[in-house]
Structure formats: structure tokens, C-alpha cells
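Coordinate-derived values only; no laboratory data. Keep in mind that what you see is a predicted model, and the values were worked out from it rather than measured. Neighbour counts run over all protein chains shown; Cβ positions are idealised from the backbone, glycine included.
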Ligand SMILES: [Zn+2]
């Protein structure tokens, strides 16, 4: 039976499964859309490099870093986005800037 890799769309500490988990399924089964353990949305992961990258960013975030990736002139994607922060930072819009007070606790 094929084994697929799924990833929780939202981090869910309440779920006993890790954020990324493998799920064995019968080929005729439809791909999972929700986690069989906690019922929150999951998506199938096709590229392992994508996971690594995403996980690296999570690690950075957990260590207190903020990482911005330039997507356009003056527009940056906040790949270490925390709750309450916007996905894209616009250099001209201070309200989209990462919330540093949340990061700098010490
Ligand atoms: Zn789950």
C-alpha cells in the first residue's frame, strides 16, 4: 500500500501526531483532507525539500528569528510569520511589519 506524507496546515500542539506524518492508504482512498487524529486540515506533501525548508523556517522562528524573503519591490514574505503577523510585509505599510515585541522577550 502506498504511504503518503501529510502536513498539518496549522500547527496543532493538541494533536498527538507530529506536524508532518506518514499515512498508509489504499490507492482507491481519497487523499486525506483532515487529520485522522485531531480533525484539523492537512495537505499532502509532494516534495520533501519543501518540508525541510518549511521546517527550517519553523526552527528559525522558534529560536526567535524573523526571516523575510523578498517577493517584489518593497514586498517581503514573512516566512517565520507568527499569529497576528501579516504574511507579506510592505515596506510602505508599517502595520504589516513583523511584531518584534513578541519576539524579543528577554
Ligand atoms: Zn492532527
* For a footprinting-style exposure proxy, rank 72, 29 by other Cβ within 10 Å, fewest first. => 72, 29
* To do: Kindly identify the stretch 1-46 as rounded, prolate or oblate by the Cα gyration tensor criterion: order the square roots of the eigenvalues as a ≥ b ≥ c, call it rounded if a/c is under 1.5, otherwise compare a/b with b/c, prolate if a/b is larger, else oblate.
  => prolate
* To do: Provide the FRET efficiency to the nearest 0.05 for the residue 91-residue 43 pair, computing r from the beta carbons and using R0 = 25 Å.
  => 0.20
* To do: Write down the Kirkwood hydrodynamic radius of the chain, to one decimal in angstroms, obtained as one divided by the mean of 1/r over all alpha carbon pairs.
  => 15.7 Å
